[in-house]
Amino acid sequence: GTSSVSVTYSKTELMGRSSSINGLRPEVIQAFFSMKAAAETDGFILNAVSGYRPFNRQLDIWNDKFASFSGTDQEKATKTAEFSAVPGMSRHHWGTEIDINSVDPSYWQNNVALYEWLVENAPTYGFCQPYDEDRGVVKIEQWHWSYKPISKQLTQQYSNTINAQDIAGLGISGESTIVSNFDFYKRGSISDINPDCLS
């Protein structure tokens, strides 16, 4: 169901550091299973390969990827952010985001019909694709789908609430670069997304 109830989320919830969220939200799971059943009827298999991700998990992913690149901190942060959000800035912290089937772009080059099915049908179940084109920070992610009835409000609140001080001192590799370009990374990960996810 679509929820128009206004909920105020804490900074810890918005940043994946709250113990009150520890998985996908029930509404999101329900909507995904409905969409999965519809896809199966049309001959497509949908599996969630990643959903909720707490801050510490995102921190491990970010720091590992960051360390694997060479160059200045700025260059490494730019490269890492193409497919992994800064910890505390990931939409996966919210329990509203699902990565479907594979996070490998080549998988989607080989499964165009599945992607087209999602584009056409996912909105019926409340899902939108936040990173549908390269807007300068995050590359296209055909696999990442967001449950808009809840994530729309989270997007707004995150944009209005979280600032550079909130991510300082949390052990994020390249912290000084991220803090000094905070709005750039925040917009790129959170709000500069597919307009369908915001309307």
Check on Glu13, within 21 Å of Ser84 (Cβ to Cβ) and not in a loop (DSSP other than H, G, I, E, B): yes
Count - residues of segment 104-122 that are closer than 24 Å to Pro149 by Cα and out of contact with any helix residue (DSSP H, G or I) (no Cβ under 7 Å at 6 or more places or on another chain): 5
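One line per residue, one yes/no per condition, for (1) open to solvent by 50 Å² or more (accessible area, probe 1.4 Å); (2) under 19 Å from Ser90 (Cβ atoms); (3) in a loop (DSSP other than H, G, I, E, B):
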{"position": "Ile21", "(1), (2), (3)": "no, yes, yes"}
{"position": "Gln30", "(1), (2), (3)": "yes, no, no"}
{"position": "Lys36", "(1), (2), (3)": "no, no, no"}
{"position": "Glu40", "(1), (2), (3)": "yes, no, no"}
{"position": "Asp60", "(1), (2), (3)": "yes, yes, no"}
{"position": "Asn63", "(1), (2), (3)": "no, yes, no"}
{"position": "Ala67", "(1), (2), (3)": "yes, yes, no"}
Single match in Val5, Val49 (criterion: at pLDDT below 95 and open to solvent by 60 Å² or more (accessible area, probe 1.4 Å)): Val5
Options Ala122, Ala113: the member that is among the small types (Gly, Ala, Ser), open to solvent by 50 Å² or more (accessible area, probe 1.4 Å) and within 26 Å of Ser34 (Cα to Cα): Ala113
Residues that are under 12 Å from Asn194 (Cα atoms), of a type outside the set (Lys, Arg) and open to solvent by 10 Å² or more (accessible area, probe 1.4 Å), drawn from segment 130-140: Tyr131, Asp132, Glu133, Asp134, Val138, Ile140
Listing of helices (runs of 4 or more DSSP H) fully contained in segment 144-190 that carry 3 or more residues being open to solvent by 40 Å² or more (accessible area, probe 1.4 Å), within 23 Å of Thr8 (Cα to Cα) and not acidic (Asp, Glu): 148-161
Given (1) within 21 Å of Asn163 (Cα to Cα); (2) in contact with a Ser or Thr (Cβ under 8 Å, 6 or more places away or on another chain); (3) open to solvent by 20 Å² or more (accessible area, probe 1.4 Å), number of the condition Pro54 does not satisfy: (2)
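The values are calculated or read from the model by the stated rules, or taken from the named source; none is laboratory data. Fair warning: this is a prediction, and the values are worked out from it, not measured in the lab. Every residue, glycine as well, gets a Cβ built from its backbone with ideal geometry; the counts of neighbours run over all protein chains shown. Ligands, DNA and RNA are excluded from the accessible area calculation, which covers all protein heavy atoms including side chains. Shrake-Rupley method; radii C 1.70, N 1.55, O 1.52, S 1.80 Å.
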